[in-house]
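The values are calculated or read from the model by the stated rules, or taken from the named source; none is laboratory data. Since the model is a prediction, treat every value here as computed from it, not as a measurement. Reconstructed Cβ throughout: ideal geometry from the backbone, glycine too, with neighbour counts over all protein chains shown.
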Amino acid sequence: MSDKGGTVKKLMYINRKAPYGTIYALESLEVVLIGAAFDQNISLAFIDDGVYQLAKGQNTEALGVKNFSPTYKALGDYDINKIYVEKESLQARGLNQDDLMALTYEDEDDDWAEKNSIHIVSTKEMSDILEQQDVVFSF
Amino acid sequence: MKFGILVNEGPYTHQAADTAYQFALAVINKGHEITRVFFYHDGVNNGTRLTTPPQDDRNIVSRWSEFANTHNIDLVICVAAAQRRGICDSGESKRNGKDTDNIAPGFRISGLGQLIEASILSDRLVVFGD
């Protein structure tokens, strides 16, 4: 793409909004997918109502809007496999990892073994991860 | 220092559009650089020249246009977000069979790659929104 400098930065996308009700989640995912073409070091964080974006079994039929949740399952194919979900946000909503979609990737350094992309982390761990980033997009 | 600026909210509805402008102005006044201002989500509405605020209020759109003109700042509106919200330049207008365009002077429409690129080329990306 247009960045030929070979710079690799750590880019973090923070998702804090529910998947429906506002367009933030959908348009955030669009940035993530476009950004994947830039060969950067990408992480995603899901906190607050953002954890609902990864909820299993989303059905938007009655809303009349598109259910875009299957797109998250493609992230692994875009080499996006560091997906951090805040434990406290899940707990506050009565959710745990079993309520989330299984997001996986194939590890090219480990004979393409299928691995889990989702990491449940505490607020403290999330803050450490954020500290390490060069760029933080907040949606 | 080089700053990239992301504006995620619309003018008049949300303080973010004003704060982003004030911040951009301060960046230039302090002798720093702006790699690009990128408008996303309802932020694309910062770039319609058809905005007509009351005369005793600030004109957020023309304020951006003048800022871009004076300091040669790249103001980029996301094409996908703009199409959803009815912001178009003459090319987009023709391509989509519309009878007019409404992009304000100093703005241009381009893709999300411009946002990612700005984030890579800047020392800091500052996001204005909720």
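In a loop (DSSP other than H, G, I, E, B), β-branched (Val, Ile, Thr) and surrounded by fewer than 18 Cβ atoms within 10 Å (Cβ to Cβ) - does that describe any residue in region A:100-108?
no
For the subset of region B:54-100 comprising residues that are in contact with a strand residue (DSSP E or B) (Cβ under 7 Å, 6 or more places away or on another chain), β-branched (Val, Ile, Thr) and part of a helix (DSSP H, G or I), which member is farthest from B:Tyr21 (Cα to Cα)?
Once the filter is applied, the top-ranked residue is B:Val79.
Residues are listed down the side, and each one gets a yes or a no for (1) more than 25 Å from B:Asn8 (Cα to Cα); (2) among the hydrophobic types (A, V, I, L, M, F, W, C); (3) surrounded by 16 or more Cβ atoms within 10 Å (Cβ to Cβ):
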position	(1), (2), (3)
A:Tyr20	no, no, yes
A:Ile47	no, yes, yes
A:Glu61	yes, no, no
A:Lys66	no, no, no
A:Asp79	yes, no, no
A:Ile83	no, yes, yes
A:Ser89	no, no, yes
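Hey, among the residues in region A:113-139 that are within 14 Å of chain B (Cβ to nearest Cβ) and assigned to a strand (DSSP E or B), which one's farthest from the chain's Cα centre (by Cα)?
A:Val135
Let me spell it out: the conditions are (1) buried (at least 19 other Cβ atoms within 10 Å of the Cβ); (2) assigned to a helix (DSSP H, G or I); (3) more than 14 Å from chain A (Cβ to nearest Cβ), and B:Pro11 meets all of them except one. Which number is the exception?
(2)
So is B:Arg124 at pLDDT 95 or above, within 20 Å of B:Ala20 (Cβ to Cβ) and away from chain A (no Cβ under 14 Å) or not?
No, not satisfied.
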